[in-house]
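This report concerns only the one structure given below.
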Amino acid sequence: MLIQGNKPSYELDAEAVIEKVQENGLAYIHGSGCAILKDGTWLQPEQWALWLAHLEEQEKEAC
C-alpha cells in the first residue's frame, strides 16, 4: 500500500472507485490482488473491495 504522510496515495472514495470501474471495466486481476482496468488503471485490493461491496449491495437490493 502506498502512503503519503498519513494518507494512502490512492483514492478510497467508494463513489469514485465505482465510477472508474463502470466507465472502464475490468481487464484482469493481477497476482498481487490488484485489479487492472481496461484503460490500464491499477486498483489496490482495498479499492477493489469497495467495488465488490457495491456489487453485494446491488445483489441484496435486487432480492
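All of the numbers you see were taken from the coordinates with simple rules; none came from a lab. Remember, it's a predicted structure, so these values are computed and weren't measured experimentally. Counting neighbours? That spans all protein chains shown, and the Cβs are built from the backbone with ideal geometry, glycine included.
Here are the numbers for this structure:
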read-out: Sum of side-chain charges, Asn24 neighbourhood, beta-carbon under 11 Å (Lys, Arg +1; Asp, Glu -1); value: -1
read-out: Highest to lowest packing among 41-48, 56-63, 15-22, scored as the average C-beta count within 10 Å; value: 41-48, 15-22, 56-63
